[in-house]
Amino acid sequence: MKAAVLYKTKQPLQVEDVDLAPPGEGEVLVKIGAAGVCHSDYHFMNGDLPITLPAVLGHEGAGVVEEVGPGVKTLRKGDHVVLLFRAACGRCEHCAKGRPALCALAGQLRNTGRLLDGTSRLSRNGEEIRHFLGVSCFAERAVVPIEGAVKIPDDIPLPIAALMGCAVLTGVGAAVITAAVQPGSTVLVVGAGGIGLNCVMGAVLAGANQVIAADLSDAKLETSLDFGATHTVNAKDQDLVAAVRELTGGEGVDYAFEAIGNPRATRQAFESLRRGGTAVSVGIAPLGTDLSIDAGELVYQEKTLKGSYYGSSRPHADVPRFLNLYRTGRLPLDKLLSRRYPLEKVNEAYDALLAGEVARSVLIP
């Protein structure tokens with residue numbers, strides 16, 4: 001099958017033929033229908049985050065089950081599924097508390113680059129190729145653990161379903177689950193890319209009265225208005241914190257989301273809060289990045305700064321819930337899909353992402 005392989009950081013992905021072994025115990029083979037082009041993969045491609053190479057990338061995807069391994073009872077051939085890069089065991093303390101994103105199972109998949117039995121299904125000329133976050137959907141097919149696949153209705157377009165695997169759960173989840181945005185509140189979203197636009201949609205869904213989108217790109221800010229932003233701030237031209245306070249009558253916002261992975265932007269989000277407000281860091285910064293905030297603001301103004309991983313979601317419950325909201329028009333995910341690329345043009349798709357030309361694009365293997 002064709003797959004996009006990363007052999008060396010800071011080098012283009014190589015689309016080539018690789019071998020894929022059949023699914024093992026508790027695994028399924030999925031024919032990929034669409035794979036999202038997400039900035040998170042680029043962190044690994046660029047060397048910002050560690051990865052064992054070579055590996056087939058791609059962590060946001062959806063497809064159709066072609067084969068099930070021994071012991072699989074919850075899925076069958078022909079089922080449509082969303083793939084999860086944070087597979088969870090469902091039994092540990094974190095899963096029991098409704099916080100599966102913190103489950104150690106996903107950490108094992110990420111850190112080893114292999115599936116749960118400690119081996120890889122991917123190879124080329126007899127040499128092992130690693131999996132990526134238990135997904136590796138920049139390929140025509142993928143073998144994934146049953147814990148990393150959520151069955152969805154067959155009538156959901158697979159490019160839309162693919163976005164559920166990362167962008168929607170991460171961004172919408174940050175607003176409605178991590179922060180629990182309240183109706184009538186004021187919200188700031190710093191970064192109007194794919195994740196930030198989902199934060200905007202989540203804030204609108206939660207009933208926010210004022211949603212301010214901030215970015216350095218006028219084109220992205222214009223796009224944010226289509227997703228429900230009520231005001232925009234170009235932080236290249238204005239002091240972001242001052243602009244937000246002016247838009248909120250000097251008070252600041254109730255909730256602020258940083259969707260870039262930039263510590264300066266996280267601090268700006270925190271400083272843009274009103275007393276008692278909550279800032280949520282959603283973007284992924286390079287490992288070892290330091291962040292400083294004013295301790296006085298944290299204590300005397302009772303502000304909150306928290307992280308959100310995978311939108312604090314419970315994917316097996318939240319994927320169907322969010323898809324129902326898409327069906328009823330309350331999550332306008334069709335607007336999020338800017339472009340579709342064949343797998344062979346994966347590097348071109350990343351060039352467009354880094355240039356800020358798209359909200360979200362997908363690969364169609």
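The values are calculated or read from the model by the stated rules, or taken from the named source; none is laboratory data. Computed from a predicted structure; not experimentally measured. For neighbour counting, all protein chains shown are included, and Cβ atoms are generated from backbone atoms with ideal geometry for every residue, glycine included.
Test ALA355 against the criterion of being modelled with pLDDT of 95 or more, within 22 Å of LEU216 (Cβ to Cβ) and of a type outside the set (Ser, Thr, Tyr), and give yes or no.
The answer is no for ALA355.
For residues that are of a type in the set (Ser, Thr, Tyr) and part of a helix (DSSP H, G or I), scanning just the stretch 281-327, find the one that is surrounded by the most Cβ atoms within 10 Å (Cβ to Cβ).
Ranking the qualifying residues of the stretch 281-327, first place goes to TYR310.
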Query raised in the report: Do any residues in the stretch 109-124 that are in the same structural domain as CYS137 (by TED's automatic domain parsing) have Cβ atoms under 8 Å from those of residues that are in a helix (DSSP H, G or I) and among the β-branched types (Val, Ile, Thr), where the two are at least six apart or on different chains, and which pairs are they?
Result: GLY118/THR112
Report task. Taking LYS236 as the residue in question, decide whether it is over 15 Å from the mean Cα position of the chain (by Cα), closer than 19 Å to SER40 by Cβ and either surrounded by fewer than 24 Cβ atoms within 10 Å (Cβ to Cβ) or not assigned by TED's automatic domain parsing to the domain that holds GLY261 (or both). Result -> no
Report summary line: Those residues of the stretch 61-70 that are touching a Leu at 6+ places or on another chain (Cβ under 7 Å) and either part of a loop (DSSP other than H, G, I, E, B) or not assigned by TED's automatic domain parsing to the domain that holds LEU337 (or both) come to a total of 0
Requested in this report: Answer yes if at least one residue in the stretch 248-262 is in the same structural domain as ALA214 (by TED's automatic domain parsing) and part of a helix (DSSP H, G or I), and no otherwise.
Outcome: no
Query raised in the report: Is it the case that GLY277 is in the same structural domain as LEU298 (by TED's automatic domain parsing), out of contact with any Pro (no Cβ under 8 Å at 6 or more places or on another chain) and modelled with pLDDT of 95 or more?
Result: yes
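Just name the residue that is farthest from THR304 (Cα to Cα) out of those in the stretch 175-200 that are among the polar types (S, T, N, Q) and outside any loop (DSSP other than H, G, I, E, B).
ASN198
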Query raised in the report: Within the stretch 12-50, can you find the residues that are within 27 Å of ASP117 (Cβ to Cβ) and of a type in the set (Ser, Thr, Tyr)?
Result: SER40
Query - Lone qualifier among ARG275, ARG327 - being basic (Lys, Arg) and closer than 30 Å to ASP155 by Cβ - result: ARG327
Query - Which listed residue is buried (at least 24 other Cβ atoms within 10 Å of the Cβ), assigned to a loop (DSSP other than H, G, I, E, B) and assigned by TED's automatic domain parsing to the domain that holds ALA265, from ALA203, ALA214, ALA208 - result: ALA208
Query - Sole residue being of a type outside the set (S, T, N, Q) and more than 18 Å from GLY24 (Cβ to Cβ), chosen from GLY118, GLY126 - result: GLY126
Report summary line: Of those in the stretch 223-233 that are farther than 22 Å from TYR326 by Cα and not aliphatic (A, V, I, L, M), the residue surrounded by the most Cβ atoms within 10 Å (Cβ to Cβ) is THR232
Query raised in the report: Which ones in the stretch 27-53 are in contact with a Pro (Cβ under 6 Å, 6 or more places away or on another chain) and in a loop (DSSP other than H, G, I, E, B)?
Result: ASP48
Query raised in the report: Would you pick out the residues in the stretch 123-146 that are under 24 Å from the mean Cα position of the chain (by Cα) and either part of a strand (DSSP E or B) or more than 14 Å from LEU57 (Cα to Cα) (or both)?
Result: ILE129, ARG130, ALA139, ARG141, ALA142, VAL143, VAL144, PRO145, ILE146
Report task. Looking at (1) within 21 Å of the chain's Cα centre (by Cα); (2) surrounded by 19 or more Cβ atoms within 10 Å (Cβ to Cβ); (3) of a type outside the set (Phe, Trp, Tyr), find the lone condition where VAL244 falls short. Result -> (1)
